[in-house]
Amino acid sequence: MTPEQLPIEQYDAQLAEKVSRLQAMMVPFAAPDVEVFRSPVSHYRMRAEFRIWHDGDDLYHIIFDQETKQRIRVDQFPAASELINQLMAELMAALRDNRTLRFKLFQIDYLSTMSNQIVISLLYHRKLDEEWQQAATLLRDALRAKGYQLHLIGRATKTKICLDQDFVDESLPVAGRDMIYRQVENSFTQPNAAMNIQMLEWALNVTQNSQGDLLELYCGNGNFSLALARNFRRVLATEIAKPSVASAQYNIAANNIDNVQIIRMAAEEFTQAMNGTRSFNRLEGIDLTSYECETIFVDPPRSGLDSETVAMVQAYPRILYISCNPQTLCDNLATLAETHDVSRLALFDQFPYTHHMECGVLLTRKA
(Lines give C-alpha, C1' and ligand atoms only; values in the text may rest on other atoms or scores of the structure.)
Protein backbone atom coordinates (compact mmCIF):
# COMPACT_ATOMS: atom_id res chain seq x y z
CA MET A 1 0.00 0.00 0.00
CA THR A 2 1.31 3.46 -0.89
CA PRO A 3 0.12 6.52 1.07
CA GLU A 4 -1.40 7.97 -2.12
CA GLN A 5 -3.29 4.81 -3.12
CA LEU A 6 -5.47 2.71 -0.80
CA PRO A 7 -6.10 -0.98 -1.65
CA ILE A 8 -9.87 -0.45 -1.54
CA GLU A 9 -10.53 -3.72 -3.40
CA GLN A 10 -8.89 -5.58 -0.47
CA TYR A 11 -10.98 -3.92 2.24
CA ASP A 12 -13.62 -6.66 2.64
CA ALA A 13 -11.00 -9.43 2.86
CA GLN A 14 -8.93 -7.49 5.39
CA LEU A 15 -12.00 -6.81 7.54
CA ALA A 16 -13.01 -10.50 7.39
CA GLU A 17 -9.52 -11.46 8.61
CA LYS A 18 -9.87 -9.10 11.59
CA VAL A 19 -13.27 -10.57 12.45
CA SER A 20 -11.95 -14.15 12.43
CA ARG A 21 -8.88 -13.09 14.45
CA LEU A 22 -11.04 -11.41 17.09
CA GLN A 23 -13.43 -14.37 17.25
CA ALA A 24 -10.49 -16.74 17.81
CA MET A 25 -9.11 -14.53 20.60
CA MET A 26 -12.53 -14.50 22.31
CA VAL A 27 -13.14 -18.28 22.26
CA PRO A 28 -11.85 -18.78 25.85
CA PHE A 29 -14.48 -16.30 27.08
CA ALA A 30 -17.52 -17.89 25.35
CA ALA A 31 -18.22 -14.57 23.61
CA PRO A 32 -21.26 -14.15 21.33
CA ASP A 33 -20.95 -13.47 17.59
CA VAL A 34 -19.03 -10.34 16.66
CA GLU A 35 -21.09 -7.30 15.68
CA VAL A 36 -19.06 -5.76 12.85
CA PHE A 37 -18.88 -2.03 12.07
CA ARG A 38 -17.25 -1.03 8.78
CA SER A 39 -15.24 2.11 8.17
CA PRO A 40 -15.55 4.31 5.10
CA VAL A 41 -12.92 2.93 2.70
CA SER A 42 -11.31 6.35 2.14
CA HIS A 43 -11.17 9.85 3.71
CA TYR A 44 -11.84 8.40 7.16
CA ARG A 45 -9.03 9.99 9.22
CA MET A 46 -9.89 13.38 10.68
CA ARG A 47 -6.32 14.14 11.71
CA ALA A 48 -2.90 13.67 10.13
CA GLU A 49 0.71 14.64 10.80
CA PHE A 50 3.41 15.03 8.16
CA ARG A 51 7.09 15.90 8.17
CA ILE A 52 8.04 18.62 5.68
CA TRP A 53 10.89 18.07 3.24
CA HIS A 54 12.87 20.99 1.77
CA ASP A 55 14.30 20.17 -1.66
CA GLY A 56 15.90 23.30 -3.06
CA ASP A 57 13.03 25.65 -3.88
CA ASP A 58 10.52 22.82 -3.58
CA LEU A 59 8.67 21.91 -0.40
CA TYR A 60 6.39 18.93 0.23
CA HIS A 61 4.80 16.61 2.82
CA ILE A 62 6.56 13.33 3.57
CA ILE A 63 6.03 10.26 5.70
CA PHE A 64 8.53 7.52 6.53
CA ASP A 65 7.94 3.87 5.68
CA GLN A 66 7.78 2.12 9.08
CA GLU A 67 9.73 -0.91 7.89
CA THR A 68 12.34 0.50 5.51
CA LYS A 69 12.48 4.02 7.08
CA GLN A 70 12.43 5.30 3.50
CA ARG A 71 11.16 8.81 2.86
CA ILE A 72 7.95 8.97 0.80
CA ARG A 73 6.63 12.15 -0.80
CA VAL A 74 2.91 12.68 -0.15
CA ASP A 75 0.93 15.19 -2.21
CA GLN A 76 -2.44 13.53 -1.57
CA PHE A 77 -3.40 11.30 1.36
CA PRO A 78 -6.72 9.52 0.67
CA ALA A 79 -6.88 8.06 4.19
CA ALA A 80 -7.35 11.62 5.50
CA SER A 81 -10.50 13.73 5.23
CA GLU A 82 -11.22 15.55 1.98
CA LEU A 83 -10.72 18.84 3.82
CA ILE A 84 -7.18 17.85 4.87
CA ASN A 85 -6.40 16.82 1.28
CA GLN A 86 -7.64 20.16 -0.09
CA LEU A 87 -5.55 22.12 2.40
CA MET A 88 -2.42 20.02 1.90
CA ALA A 89 -2.31 21.31 -1.68
CA GLU A 90 -3.36 24.87 -0.78
CA LEU A 91 -0.77 25.12 1.98
CA MET A 92 2.18 23.84 -0.07
CA ALA A 93 1.33 26.25 -2.89
CA ALA A 94 1.26 29.14 -0.40
CA LEU A 95 4.38 28.15 1.57
CA ARG A 96 6.78 27.35 -1.29
CA ASP A 97 7.44 31.00 -2.15
CA ASN A 98 7.06 32.37 1.38
CA ARG A 99 10.52 32.45 2.94
CA THR A 100 9.25 33.62 6.34
CA LEU A 101 6.78 30.78 6.77
CA ARG A 102 8.86 27.99 5.23
CA PHE A 103 12.17 28.75 6.98
CA LYS A 104 13.00 25.80 9.29
CA LEU A 105 9.44 24.44 9.07
CA PHE A 106 9.74 20.71 9.80
CA GLN A 107 6.19 19.41 10.45
CA ILE A 108 2.52 20.19 9.81
CA ASP A 109 -0.33 18.74 11.88
CA TYR A 110 -3.93 18.81 10.66
CA LEU A 111 -7.06 18.33 12.80
CA SER A 112 -10.32 18.45 10.83
CA THR A 113 -13.98 17.83 11.59
CA MET A 114 -17.11 16.59 9.83
CA SER A 115 -18.44 20.11 10.48
CA ASN A 116 -15.77 21.40 8.04
CA GLN A 117 -13.60 23.17 10.61
CA ILE A 118 -9.85 22.64 10.66
CA VAL A 119 -6.92 23.67 12.84
CA ILE A 120 -3.44 23.50 11.31
CA SER A 121 -0.24 23.57 13.38
CA LEU A 122 3.07 24.60 11.78
CA LEU A 123 6.09 23.28 13.73
CA TYR A 124 9.52 24.97 13.52
CA HIS A 125 13.14 24.48 14.52
CA ARG A 126 13.54 28.21 15.18
CA LYS A 127 12.20 31.10 17.22
CA LEU A 128 8.91 32.56 15.96
CA ASP A 129 8.83 36.36 15.81
CA GLU A 130 6.55 39.25 14.85
CA GLU A 131 7.44 38.81 11.17
CA TRP A 132 6.27 35.18 11.32
CA GLN A 133 3.02 36.20 13.00
CA GLN A 134 2.26 38.82 10.34
CA ALA A 135 2.99 36.38 7.50
CA ALA A 136 0.91 33.65 9.17
CA THR A 137 -2.02 36.05 9.63
CA LEU A 138 -1.92 36.94 5.93
CA LEU A 139 -1.89 33.24 5.01
CA ARG A 140 -4.80 32.45 7.33
CA ASP A 141 -6.85 35.37 5.96
CA ALA A 142 -6.13 34.35 2.35
CA LEU A 143 -7.32 30.77 3.02
CA ARG A 144 -10.40 32.02 4.86
CA ALA A 145 -11.20 34.21 1.87
CA LYS A 146 -11.42 30.96 -0.13
CA GLY A 147 -14.11 29.72 2.26
CA TYR A 148 -12.07 27.57 4.67
CA GLN A 149 -13.09 27.61 8.37
CA LEU A 150 -9.45 27.50 9.39
CA HIS A 151 -7.35 28.24 12.47
CA LEU A 152 -3.55 28.48 12.33
CA ILE A 153 -1.02 27.75 15.09
CA GLY A 154 2.75 28.17 15.17
CA ARG A 155 4.86 25.92 17.42
CA ALA A 156 8.54 25.99 18.35
CA THR A 157 10.51 24.97 21.45
CA LYS A 158 8.57 26.28 24.49
CA THR A 159 6.45 28.41 22.13
CA LYS A 160 2.87 28.19 20.93
CA ILE A 161 1.31 31.05 18.98
CA CYS A 162 -2.45 30.85 18.35
CA LEU A 163 -3.62 33.41 15.83
CA ASP A 164 -7.09 33.05 17.34
CA GLN A 165 -7.87 29.60 18.83
CA ASP A 166 -6.33 26.13 19.15
CA PHE A 167 -9.50 24.06 18.83
CA VAL A 168 -12.31 23.05 16.50
CA ASP A 169 -15.91 22.22 17.40
CA GLU A 170 -17.13 18.95 15.93
CA SER A 171 -20.81 18.10 15.47
CA LEU A 172 -21.70 14.40 15.26
CA PRO A 173 -25.20 12.98 14.62
CA VAL A 174 -25.60 10.32 17.32
CA ALA A 175 -28.85 8.33 17.49
CA GLY A 176 -31.06 11.22 16.45
CA ARG A 177 -29.23 13.94 18.35
CA ASP A 178 -26.41 16.26 17.19
CA MET A 179 -23.56 16.13 19.72
CA ILE A 180 -21.06 19.00 19.91
CA TYR A 181 -17.48 18.12 20.85
CA ARG A 182 -14.69 20.67 21.30
CA GLN A 183 -11.40 19.17 20.12
CA VAL A 184 -8.09 20.80 21.08
CA GLU A 185 -5.03 20.39 18.86
CA ASN A 186 -2.35 18.13 20.29
CA SER A 187 -4.92 16.41 22.56
CA PHE A 188 -6.45 12.98 22.04
CA THR A 189 -9.52 12.78 19.79
CA GLN A 190 -11.05 9.80 18.01
CA PRO A 191 -9.29 9.71 14.60
CA ASN A 192 -12.12 8.12 12.56
CA ALA A 193 -15.27 10.25 13.00
CA ALA A 194 -17.61 7.91 11.09
CA MET A 195 -16.44 5.01 13.27
CA ASN A 196 -16.78 7.14 16.40
CA ILE A 197 -20.47 7.70 15.60
CA GLN A 198 -20.96 3.93 15.24
CA MET A 199 -19.14 3.26 18.54
CA LEU A 200 -21.30 5.81 20.37
CA GLU A 201 -24.51 4.39 18.90
CA TRP A 202 -23.45 0.83 19.80
CA ALA A 203 -22.66 1.92 23.38
CA LEU A 204 -26.08 3.60 23.58
CA ASN A 205 -27.73 0.44 22.27
CA VAL A 206 -26.09 -1.91 24.78
CA THR A 207 -26.82 0.39 27.75
CA GLN A 208 -30.48 1.16 27.00
CA ASN A 209 -32.88 0.55 29.89
CA SER A 210 -29.95 0.90 32.33
CA GLN A 211 -30.54 1.23 36.05
CA GLY A 212 -28.75 3.74 38.29
CA ASP A 213 -25.66 5.77 37.44
CA LEU A 214 -22.66 5.41 35.13
CA LEU A 215 -19.01 5.69 36.14
CA GLU A 216 -16.48 6.32 33.36
CA LEU A 217 -12.69 6.15 33.63
CA TYR A 218 -10.46 7.88 31.01
CA CYS A 219 -13.28 10.09 29.66
CA GLY A 220 -11.13 12.39 27.45
CA ASN A 221 -13.24 15.27 26.14
CA GLY A 222 -16.43 13.50 27.27
CA ASN A 223 -16.89 11.67 23.96
CA PHE A 224 -18.71 8.66 25.44
CA SER A 225 -19.94 10.03 28.77
CA LEU A 226 -21.94 12.88 27.18
CA ALA A 227 -23.52 10.65 24.53
CA LEU A 228 -24.39 7.99 27.14
CA ALA A 229 -25.82 10.51 29.65
CA ARG A 230 -29.31 10.09 28.18
CA ASN A 231 -29.34 6.42 29.27
CA PHE A 232 -28.46 7.05 32.95
CA ARG A 233 -29.68 8.99 35.97
CA ARG A 234 -26.23 10.54 36.51
CA VAL A 235 -22.71 10.12 35.06
CA LEU A 236 -19.47 10.46 37.03
CA ALA A 237 -16.35 10.59 34.83
CA THR A 238 -12.59 10.91 35.42
CA GLU A 239 -9.83 12.30 33.19
CA ILE A 240 -6.24 13.34 33.98
CA ALA A 241 -5.29 15.62 31.01
CA LYS A 242 -6.10 19.30 31.69
CA PRO A 243 -7.03 20.27 28.08
CA SER A 244 -9.38 17.27 27.84
CA VAL A 245 -11.09 18.17 31.12
CA ALA A 246 -11.56 21.77 29.93
CA SER A 247 -13.03 20.49 26.64
CA ALA A 248 -15.32 18.09 28.51
CA GLN A 249 -16.64 20.94 30.69
CA TYR A 250 -17.30 23.05 27.58
CA ASN A 251 -19.02 20.10 25.87
CA ILE A 252 -21.32 19.54 28.87
CA ALA A 253 -22.56 23.14 28.58
CA ALA A 254 -22.70 23.15 24.76
CA ASN A 255 -24.91 20.04 24.76
CA ASN A 256 -27.15 21.28 27.61
CA ILE A 257 -26.39 18.20 29.70
CA ASP A 258 -27.05 18.51 33.43
CA ASN A 259 -26.34 15.03 34.78
CA VAL A 260 -22.57 14.65 34.13
CA GLN A 261 -19.80 15.39 36.66
CA ILE A 262 -16.14 15.38 35.48
CA ILE A 263 -13.31 14.89 38.00
CA ARG A 264 -9.67 15.56 37.09
CA MET A 265 -7.80 12.53 38.38
CA ALA A 266 -6.13 9.36 37.13
CA ALA A 267 -8.09 6.11 37.12
CA GLU A 268 -5.62 4.69 39.65
CA GLU A 269 -6.22 7.66 42.00
CA PHE A 270 -9.97 7.28 41.64
CA THR A 271 -9.65 3.62 42.58
CA GLN A 272 -7.88 4.69 45.78
CA ALA A 273 -10.61 7.27 46.51
CA MET A 274 -13.41 4.74 45.95
CA ASN A 275 -11.63 2.21 48.19
CA GLY A 276 -11.14 4.90 50.86
CA THR A 277 -7.37 4.38 50.94
CA ARG A 278 -6.61 8.03 50.02
CA SER A 279 -8.48 11.32 50.26
CA PHE A 280 -8.23 14.06 47.61
CA ASN A 281 -8.91 17.80 47.98
CA ARG A 282 -10.30 17.93 44.44
CA LEU A 283 -13.16 15.64 45.52
CA GLU A 284 -14.32 18.20 48.08
CA GLY A 285 -18.05 18.79 47.64
CA ILE A 286 -18.53 15.56 45.66
CA ASP A 287 -20.24 12.79 47.60
CA LEU A 288 -19.05 9.60 45.96
CA THR A 289 -21.38 7.55 48.16
CA SER A 290 -24.43 9.30 46.64
CA TYR A 291 -23.74 7.66 43.28
CA GLU A 292 -25.38 4.31 42.60
CA CYS A 293 -23.20 3.18 39.71
CA GLU A 294 -24.57 -0.04 38.28
CA THR A 295 -22.45 0.33 35.11
CA ILE A 296 -18.79 1.25 34.65
CA PHE A 297 -17.34 2.32 31.31
CA VAL A 298 -13.62 1.99 30.54
CA ASP A 299 -11.69 2.98 27.41
CA PRO A 300 -8.09 2.51 28.59
CA PRO A 301 -4.81 3.16 26.75
CA ARG A 302 -3.21 0.33 24.76
CA SER A 303 -1.70 -1.11 27.93
CA GLY A 304 -5.19 -1.98 29.23
CA LEU A 305 -6.33 -1.82 32.85
CA ASP A 306 -3.85 -2.27 35.71
CA SER A 307 -4.60 -5.06 38.19
CA GLU A 308 -5.97 -2.68 40.87
CA THR A 309 -8.45 -1.15 38.42
CA VAL A 310 -9.48 -4.60 37.14
CA ALA A 311 -10.31 -5.58 40.73
CA MET A 312 -12.22 -2.31 41.20
CA VAL A 313 -14.36 -2.67 38.04
CA GLN A 314 -15.29 -6.23 39.02
CA ALA A 315 -17.47 -4.72 41.76
CA TYR A 316 -19.90 -3.35 39.14
CA PRO A 317 -22.81 -5.41 37.74
CA ARG A 318 -22.13 -4.22 34.18
CA ILE A 319 -18.80 -3.33 32.59
CA LEU A 320 -18.65 -1.63 29.18
CA TYR A 321 -15.09 -1.92 27.87
CA ILE A 322 -13.81 -0.28 24.66
CA SER A 323 -10.33 -1.49 23.73
CA CYS A 324 -7.81 -0.33 21.12
CA ASN A 325 -5.69 -3.44 21.86
CA PRO A 326 -7.56 -6.79 21.92
CA GLN A 327 -4.50 -8.51 23.40
CA THR A 328 -4.56 -6.45 26.61
CA LEU A 329 -8.37 -6.73 26.62
CA CYS A 330 -7.97 -10.54 26.67
CA ASP A 331 -5.40 -10.22 29.46
CA ASN A 332 -7.98 -8.27 31.50
CA LEU A 333 -10.79 -10.66 30.54
CA ALA A 334 -8.82 -13.57 32.01
CA THR A 335 -9.65 -12.02 35.41
CA LEU A 336 -12.97 -10.31 34.61
CA ALA A 337 -14.44 -13.55 33.18
CA GLU A 338 -14.22 -15.08 36.67
CA THR A 339 -17.09 -12.82 37.77
CA HIS A 340 -18.69 -11.61 34.51
CA ASP A 341 -19.97 -13.02 31.20
CA VAL A 342 -19.27 -11.43 27.81
CA SER A 343 -22.81 -10.63 26.62
CA ARG A 344 -22.01 -8.37 23.63
CA LEU A 345 -18.94 -8.14 21.40
CA ALA A 346 -18.24 -5.61 18.64
CA LEU A 347 -15.41 -4.89 16.21
CA PHE A 348 -14.97 -1.28 15.09
CA ASP A 349 -12.68 -0.93 12.06
CA GLN A 350 -11.13 2.29 13.31
CA PHE A 351 -7.88 1.76 11.36
CA PRO A 352 -8.58 0.27 7.90
CA TYR A 353 -5.70 -1.36 5.98
CA THR A 354 -3.73 -1.98 9.21
CA HIS A 355 -3.70 -4.97 11.57
CA HIS A 356 -5.03 -2.74 14.39
CA MET A 357 -8.50 -3.44 15.79
CA GLU A 358 -10.78 -1.52 18.12
CA CYS A 359 -13.39 -3.59 19.89
CA GLY A 360 -16.10 -3.31 22.52
CA VAL A 361 -17.45 -5.79 25.04
CA LEU A 362 -20.36 -5.60 27.46
CA LEU A 363 -19.77 -7.73 30.54
CA THR A 364 -22.62 -8.67 32.87
CA ARG A 365 -22.16 -10.15 36.33
CA LYS A 366 -22.65 -13.92 36.45
CA ALA A 367 -25.95 -15.05 37.97
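The values are calculated or read from the model by the stated rules, or taken from the named source; none is laboratory data. Computed from a predicted model, the values in this text were never measured in an experiment. All Cβ positions, even for glycine, are placed from backbone atoms using ideal geometry, and neighbour counts span all protein chains on display. Surface accessibility is based on the protein's heavy atoms, side chains included, excluding ligands, DNA and RNA. Shrake-Rupley method; radii C 1.70, N 1.55, O 1.52, S 1.80 Å.
Annotations
- Flag if Ala248 is in a helix (DSSP H, G or I), within 24 Å of Cys324 (Cβ to Cβ), open to solvent by less than 70 Å² (accessible area, probe 1.4 Å) and of a type in the set (A, V, I, L, M, F, W, C): yes
- Long-range neighbours under 7 Å by Cβ, at least six apart or interchain, first residue without any contact (Cβ under 8 Å) to a residue 40 or more places away in the chain within the stretch 94-118, second among the basic types (Lys, Arg) and surrounded by fewer than 16 Cβ atoms within 10 Å (Cβ to Cβ): Phe103/Arg126; Lys104/Arg126
- Residues of the stretch 326-354 classified as in contact (Cβ under 8 Å) with a residue 12 or more places away in the chain, within 30 Å of Ile8 (Cβ to Cβ) and not in a strand (DSSP E or B), total: 8
- Residues satisfying the criterion are absent from the stretch 330-350 (criterion: within 25 Å of the chain's Cα centre (by Cα), under 20 Å from Thr238 (Cα atoms) and of a type in the set (Lys, Arg)).
- Hits in the stretch 278-311 - residues which are in contact (Cβ under 8 Å) with a residue 60 or more places away in the chain and farther than 20 Å from Arg233 by Cβ: Asp299, Pro300, Pro301, Thr309
- Among residues of the stretch 6-24 that are within 22 Å of Phe77 (Cα to Cα), those with a beta-carbon under 6 Å from a residue that is surrounded by 14 or more Cβ atoms within 10 Å (Cβ to Cβ) and charged (D, E, K, R) at least six positions away or on a different chain give the pairs Leu15/Asp349.
- When residues of the stretch 326-367 are limited to those that are surrounded by fewer than 17 Cβ atoms within 10 Å (Cβ to Cβ) and small (Gly, Ala, Ser), the one nearest to Pro301 (Cα to Cα): Ala334
- Qualifying residue in the stretch 154-166 (condition: open to solvent by less than 20 Å² (accessible area, probe 1.4 Å) and either in contact (Cβ under 8 Å) with a residue 60 or more places away in the chain or not in a strand (DSSP E or B) (or both)): no
- Here the stretch 43-64 is the region considered, the condition is being part of a loop (DSSP other than H, G, I, E, B) and closer than 22 Å to Gln350 by Cβ, and the residue that is most open to solvent (accessible area, probe 1.4 Å) is His43.
- Within the stretch 75-133, the set of residues being open to solvent by less than 20 Å² (accessible area, probe 1.4 Å), under 23 Å from Pro191 (Cα atoms), outside any helix (DSSP H, G or I) and not β-branched (Val, Ile, Thr) comprises Ala79, Ala80, Ser81, Tyr110, Leu111, Ser112, Ser121, Leu122.
- Some residue of the stretch 134-150 being surrounded by 13 or more Cβ atoms within 10 Å (Cβ to Cβ), in contact with a Phe, Trp or Tyr (Cβ under 7 Å, 6 or more places away or on another chain), closer than 25 Å to His43 by Cα and not β-branched (Val, Ile, Thr): no
- Qualifying positions in the stretch 143-189 - closer than 16 Å to Leu101 by Cβ, touching a helix residue (DSSP H, G or I) at 6+ places or on another chain (Cβ under 8 Å) and among the small types (Gly, Ala, Ser): Gly154
- Restricting the stretch 312-325 to residues that are touching a residue at least 12 places away in the same chain (Cβ under 8 Å) and open to solvent by 10 Å² or more (accessible area, probe 1.4 Å), the residue that is nearest to Ala337 (Cα to Cα): Gln314
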